[in-house]
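Enquirer: Please read through the structure below; I'll follow up with questions.
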Amino acid sequence: MASKFGMAGGIPERRVRPVWDAIDSRQFKNALKLSTTLLSKYPNSSYALALKALILERMGKLEEALSVCINAKELLYKNDLILIDDLTLSTLQIVFQRLDHLDMATSCYEYACGKFPNNLELMMGLFNCYVREYSFVKQQQIAIKMYKIAGEERFLLWAVCSIQLQVFCGNGGEKLLQLAEGLLKKHIASHSLHEPEALSVYISLLEQQAKYGDATEVLSGNLGSLIMIEVDKLRIQGRLLARAGDYGGAADIFQKVLTLCPDDWECFLHYLGCLLEDDCIFPSGTNTPSIHVSTSIDCNHRHLSDDVFDSRISRASEFVEKLKAEAGSDSIRNPDLANLEIERRKIIFGKGSYDKLMEDIILFFSRFGHLACFSADVAVFLQVLPGDKKNQLLEKLAKGIASSATSSKNVLGQHITLFKIRELIGDLFPLPEGDLVGFAVEMTEMYCQNLPLSKDSDVQESMFGEEFLSMTCNVLVQLFWRTKHIGYLLEAIMVLELGMTVRRYVWQYKILLLHLYSYWNALPLAYERYKSLDVKNILLETVSHHILPQMLTSPLLVDTSDLLKGYSRFMDEHFKESADLTFLAYRHRNYSKVIEFVQFKERLQRSSQYLTAKIEGSILNLKRNANSIEEAVSVLESLNFGSDFLDVSNEIQSKKLTFNEDLQLRPWWTPSYDKNYLSGPYESMSNYPRETLQNDVKETESKVTRTIEKRSLLPRMIHLSIQCASSSVKVNSNSDINGFDPKASTELKSLLESYAKILQLPFHDAVELVTSVASGQKPLEVFSPNLIDWMNFAVCLNAWNLNSNGITIPMNWELLCSLLQQSVSSKIKTAKPLVSFPGTDLSILVQLVTEPLTWHGLIIQSCVRSALPSGKKKKKGGGGGGTSDQSNTQLSSSIKNSIVSLNNTIDQVSKWLKEQINKSVDGDIDILLLSISCVDGGPGPGKVVKILENLVSSVDDLEVGERICHAVKSWKAADVARKMVTAQGTALTDFLNVCDSKIKPAPPPTASVRSITLKQRKPSFSFYFPEVFSITSPNSHDPSSSFVVVVESKQSISGFRLCVII
């Protein structure tokens, strides 16, 4: 039943309005007071209860809100006289959804629809619930019911979309598409169609079943008139004909589109592809209605005979010339690009001319070379040119610029384009050092000389020539890679910092600086540059890869936690809100968006970065709380002891992950987040590194998948390691007869086997490798590049061995401590000063401390905690024999030695960090500035910085404007150096704080007395006390000194001597 006019949920609207006004103005306390008053007047109103629950949820009182909501729901069920309307149910739905109890909201609507079966408003609310639950089958069923009741076209289309979603995103077979087609045909026969979106849905259904002829017939019939824009209709018709194999008919249609829209480049590619019967533009086995535009060198038109190819290419050329003549506009690029594409196809077929292609590119350059998009436009055409022709092309383009009579701004744009093309074809890589320095100097000078062109521009507007600084940076980084001279790298940073000072909104500068600072271990500065990008919403998914991998292996634990929380918060909120967008698309009859929203949500849910953030966020939380075993256990408990992540590991192979990162924005020297050319030796490249990007991406995706699978095992392995280690102490001390946990031991072994398999070794071979390295039989380098993973494996392996139920392996506390000590010592020995040696891999040392050493410390803490007296009384005769006592003594000694070794290992890292931190800041700055001090005319870095310094000293506000002048004068090379040195010190200090938090002063030798045997000559008695007895050495520095026994007990023990069992 719907609410009566002037009533809200059965309550007069004038009484409800003040409550909503208070809610809308966020005066929740006042709203709660008003709702309480309302409830006193209407105690049996479910709507009044729902309002109160909504207010409590907004106030953060979640448990109370849920309780009130449940009361409102029960009130609806109990009293048949209570009014049920959509307002009440929708209010309950809002609260239940926010409390993650959407199933309760759905049950409310199901009850209401059962009570009032023909109420469309309630049924639409139920449909909304099913949309939120992504229950596609139930969506279809309720939509069919609404269609039968109302006969409205929209409800039928809701059902059809639900069927499509079952096929695309569920387990529905393609026979369901035939059902949907039948429903639409029946409706068309009796009612026709009245909405353009309805026709689009019908055509998409036919396309998905490869019924292209039927779809073309529908479009050409009366229903085709629903599409009002002729060009849109022609594009669909051309696509259908192409998919049906009627290339000639499709080419004619696309030719009509080009006549109407002469600057439609994609349509020209479709036109030419159909003329040449190129199957590359028609991907097989896809349900998408779009045509793929092929830009690869391999095109599938070589099956054509020479005569057919010549005639069709001639037809295309004639049409392009006609199009060019009719267009008559200097701003239309499509005809010129079309000529380039025709010549490219001729070259691929073996009938083209490189010289003709070069002439066309030069002509295109003379008209549009000043545009920022030019280099991207011609990239595919440059691929077919051989190396010598590329060099000739560059020479001719340079001559064309020199003789150009266009405006200074256009000439500047052409210079920028020429340098971009040099980067694109890799022309700069084989050049000698002097020539590269010359290019860097030339570009920097051109930037400085053209600053007056931006005199009157706003700070948020792009400046003329600002691309020069990015390209200068790329050249200087290449010089550093080749020479390993830090001055070039510092110059690259200084050039970008000047650009940022002049205009702080250039995102290209920020990304380049981010990666340069990361490489030079100035991660706080890198993170600062990332934050200045102001990344929001879905860009978090595509841009976070620039900083997230570095942060995960850094000592900036707080910043890393904030980064992960911000990203995960957005993703989780999007998943909650995506259903709202889907239902909104249903309500506004935009059915193509319905499928798009659902598929987009599923793509994000399978995001590799999202899974990484969830797993690494949990591991990071465990790291930050690992100094206390109680807090660590609490974190593990919140993670369901790692069991939830095991499902991720088990499903990772069957679940196709998505990789949504935009890697095109990354600098050339780090094409993917696991590759950095600067970390390796210089390689003479004949082409631009981005040509190998696709191979790099595939390798990276494979590594990421294995990493997610491996890291998802870690929380559970740590939990089971703690359980096994603590159980072993209880068994050895006889403090708990049931201390041994065979299930934990068995499961941990299974996980270790899986972990070893991911590391590409069988379990027994992995054990042998670890013990061989620990005992010095094999070098530590055999673990590269997975040192951290092997150390984690070794820590958990030792814990399992403590409680392996008779299965023994040559692994113990001593070997583990030796292995950890070796790994840390080797990294410290090879570590170099951060300022003088960019690329020093500090992350490995950070990971060693924050992961294997931390997990090792946790396991030790669990053993110590288990060794404390349990307070339970033993049975008579169960006082433990000599074997148990001896075993416990040995274990206590092993744990004590492990604590000392762990402290010594971390202390070794701390000492090295203090040495680095205590170095003179001014001394490090002098090292940096000295690296860019060049002698006039001499080789080496410093020439670019000198140009910048000359600019600072000579800049005139009348020439460049007050804003630019003030910004340039505020830049100083020394400030840039100081900022970087300070950032490196901050990172080291944070790392030192992490180490210090894990080193605790060794307590004086103490032991907990588990039993005291009180002996006379005869008989002998043993008593067990619940009190804690401590044994403390008078000399805390000498464990061998005699112990003082402090006994606290209310029982009299006079006349007995004490025999202490430790």
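The values are calculated or read from the model by the stated rules, or taken from the named source; none is laboratory data. The model shown is predicted, which means the values in this text are computed figures rather than measured ones. Cβ: placed from backbone, ideal geometry, glycine included. Neighbour counts: every protein chain shown. With ligands, DNA and RNA removed, areas are computed over all heavy atoms of the protein, side chains included. Shrake-Rupley method; radii C 1.70, N 1.55, O 1.52, S 1.80 Å.
Enquirer: Can you tell which of 688, 591 is open to solvent by 10 Å² or more (accessible area, probe 1.4 Å), modelled with pLDDT under 95 and not basic (Lys, Arg)? Walk me through how you get there before you give the answer.
Expert: Numbers: 591 fails: open to solvent by 10 Å² or more (accessible area, probe 1.4 Å).
Exactly one of 688, 591 is open to solvent by 10 Å² or more (accessible area, probe 1.4 Å), modelled with pLDDT under 95 and not basic (Lys, Arg), namely 688.
Enquirer: Identify all residues within the stretch 747-794 that are of a type in the set (Ser, Thr, Tyr) and over 34 Å from the mean Cα position of the chain (by Cα); write none if there are none.
Expert: Passing the criteria: 771, 772, 775.
Enquirer: Look through 206, 177, 193 and report the one residue that is assigned to a helix (DSSP H, G or I) and under 19 Å from residue 147 (Cα atoms).
Expert: Only one candidate passes the filter, namely 177.
Enquirer: In the stretch 781-798, how many residues are open to solvent by 10 Å² or more (accessible area, probe 1.4 Å) and of a type in the set (A, V, I, L, M)?
Expert: The number of residues fulfilling the criteria is 3.
Enquirer: Check residue 8 against each of (1) over 35 Å from the mean Cα position of the chain (by Cα); (2) open to solvent by 20 Å² or more (accessible area, probe 1.4 Å); (3) modelled with pLDDT under 90 and name the one condition it does not meet.
Expert: Answer for residue 8: the failing condition is (2).
Enquirer: Exactly one of these conditions fails for residue 490: (1) over 18 Å from residue 841 (Cα atoms); (2) of a type outside the set (D, E, K, R); (3) under 20 Å from the mean Cα position of the chain (by Cα). Give me its number.
Expert: Among (1) over 18 Å from residue 841 (Cα atoms); (2) of a type outside the set (D, E, K, R); (3) under 20 Å from the mean Cα position of the chain (by Cα), residue 490 violates only (3).
Enquirer: Also: In the same structural domain as residue 120 (by TED's automatic domain parsing), in contact (Cβ under 8 Å) with a residue 40 or more places away in the chain and either over 22 Å from residue 37 (Cβ atoms) or crowded, with 22+ Cβ neighbours inside 10 Å (or both): which single residue out of 49, 89, 99 fits that description?
Expert: After applying the criteria, what remains is 99.
Enquirer: When the residues of the stretch 799-852 are narrowed to those that are within 21 Å of residue 679 (Cα to Cα) and polar (S, T, N, Q), which ends up least open to solvent (accessible area, probe 1.4 Å)?
Expert: The residue in question is 823.
Enquirer: I'm checking my understanding of the structure. Among residues of the stretch 651-671 that are modelled with pLDDT under 90 and among the basic types (Lys, Arg), which one is most open to solvent (accessible area, probe 1.4 Å)?
Expert: Ranking the candidates gives 656 first.
Enquirer: Taking the residues in the stretch 129-156 that are under 35 Å from the mean Cα position of the chain (by Cα) and farther than 16 Å from residue 601 by Cβ as candidates, determine which candidate is least open to solvent (accessible area, probe 1.4 Å).
Expert: At the first step, the residues of the stretch 129-156 found to be under 35 Å from the mean Cα position of the chain (by Cα) are 129-140.
Remaining after also requiring farther than 16 Å from residue 601 by Cβ: 129, 137-138, 140.
Numbers: 129: 0, 137: 74, 138: 92, 140: 31 Å².
Filtering the stretch 129-156 for residues that are under 35 Å from the mean Cα position of the chain (by Cα) and farther than 16 Å from residue 601 by Cβ, the one least open to solvent (accessible area, probe 1.4 Å) comes out as 129.
Enquirer: Also, I was wondering about something else. State which residue pairs qualify: first residue hydrophobic (A, V, I, L, M, F, W, C) and inside the stretch 309-338, second residue open to solvent by 40 Å² or more (accessible area, probe 1.4 Å) in any location, beta carbons under 7 Å apart, and separation of 6 or more residues or different chains.
Expert: From the stretch 309-338, the pairs are 313/346; 319/255; 332/263; 337/265.
Enquirer: May I ask you to verify whether residue 187 is surrounded by fewer than 20 Cβ atoms within 10 Å (Cβ to Cβ) and either modelled with pLDDT under 90 or outside any helix (DSSP H, G or I) (or both)?
Expert: So residue 187 fails the test.
Enquirer: A further question on this structure: Take residue 559 and decide whether it is open to solvent by 40 Å² or more (accessible area, probe 1.4 Å) and out of contact with any helix residue (DSSP H, G or I) (no Cβ under 7 Å at 6 or more places or on another chain). Break it down stepwise before answering.
Expert: Values: open to solvent by 40 Å² or more (accessible area, probe 1.4 Å): yes; out of contact with any helix residue (DSSP H, G or I) (no Cβ under 7 Å at 6 or more places or on another chain): no.
Spelling it out, it is not the case that residue 559 is open to solvent by 40 Å² or more (accessible area, probe 1.4 Å) and out of contact with any helix residue (DSSP H, G or I) (no Cβ under 7 Å at 6 or more places or on another chain).
Enquirer: Search the stretch 157-172 for residues being in a loop (DSSP other than H, G, I, E, B) and of a type outside the set (A, V, I, L, M, F, W, C), and hand back the single one that is surrounded by the fewest Cβ atoms within 10 Å (Cβ to Cβ).
Expert: Going residue by residue through the stretch 157-172, those that are in a loop (DSSP other than H, G, I, E, B) are 169-172.
Okay, now just the ones that are also of a type outside the set (A, V, I, L, M, F, W, C), so 170-172.
Working: 170: 17, 171: 8, 172: 19.
Residue satisfying both the conditions and the ranking: 171.
Enquirer: Further question: Looking only at the stretch 306-315, decide whether some residue is at pLDDT below 85 and either closer than 28 Å to residue 366 by Cβ or open to solvent by 70 Å² or more (accessible area, probe 1.4 Å) (or both).
Expert: Looking for residues that are at pLDDT below 85 and either closer than 28 Å to residue 366 by Cβ or open to solvent by 70 Å² or more (accessible area, probe 1.4 Å) (or both), one finds none in the stretch 306-315, hence no.
Enquirer: While we're on this one: Quick check on this structure: which one of 426, 413 is at positive phi and buried (at least 16 other Cβ atoms within 10 Å of the Cβ)? Write out each step before concluding.
Expert: Values: 413 fails: at positive phi.
That would be 426, the only listed residue that is at positive phi and buried (at least 16 other Cβ atoms within 10 Å of the Cβ).
Enquirer: Sticking with this structure for a sec: So for the stretch 349-367 (the condition being at pLDDT below 90 and open to solvent by less than 40 Å² (accessible area, probe 1.4 Å)), does at least one residue qualify?
Expert: For the stretch 349-367, residues at pLDDT below 90 and open to solvent by less than 40 Å² (accessible area, probe 1.4 Å): present.
Enquirer: Okay, next question. Please tell me if residue 256 is more than 40 Å from the chain's Cα centre (by Cα) and modelled with pLDDT of 90 or more.
Expert: Yes.
Enquirer: Given the criterion within 30 Å of residue 637 (Cβ to Cβ), within 25 Å of the chain's Cα centre (by Cα) and modelled with pLDDT of 85 or more, identify the matching residue among 722, 718. Break it down into steps so the answer makes sense when it comes.
Expert: Working: 722 fails: within 25 Å of the chain's Cα centre (by Cα).
Unique residue meeting the criteria: 718.
Enquirer: In the stretch 439-455, what count of residues is obtained for those that are open to solvent by less than 20 Å² (accessible area, probe 1.4 Å) and of a type in the set (A, V, I, L, M)?
Expert: Of the residues in the stretch 439-455, 3 are open to solvent by less than 20 Å² (accessible area, probe 1.4 Å) and of a type in the set (A, V, I, L, M).
Enquirer: Quick one: residue 107 ticks every box in (1) surrounded by 17 or more Cβ atoms within 10 Å (Cβ to Cβ); (2) over 32 Å from the mean Cα position of the chain (by Cα); (3) in contact (Cβ under 8 Å) with a residue 24 or more places away in the chain; (4) closer than 30 Å to residue 52 by Cβ bar one, so which box is it?
Expert: In the conditions (1) surrounded by 17 or more Cβ atoms within 10 Å (Cβ to Cβ); (2) over 32 Å from the mean Cα position of the chain (by Cα); (3) in contact (Cβ under 8 Å) with a residue 24 or more places away in the chain; (4) closer than 30 Å to residue 52 by Cβ, residue 107 misses (1) alone.
Enquirer: One residue is enough: does the stretch 519-536 have a residue meeting the conditions open to solvent by less than 30 Å² (accessible area, probe 1.4 Å), farther than 30 Å from residue 125 by Cα, outside any helix (DSSP H, G or I) and small (Gly, Ala, Ser)?
Expert: Yes - at least one qualifying residue is present in the stretch 519-536.
Enquirer: Considering only residues of the stretch 594-608 that are open to solvent by 10 Å² or more (accessible area, probe 1.4 Å) and of a type in the set (S, T, N, Q), which is farthest from residue 645 (Cα to Cα)?
Expert: Once the filter is applied, the top-ranked residue is 599.
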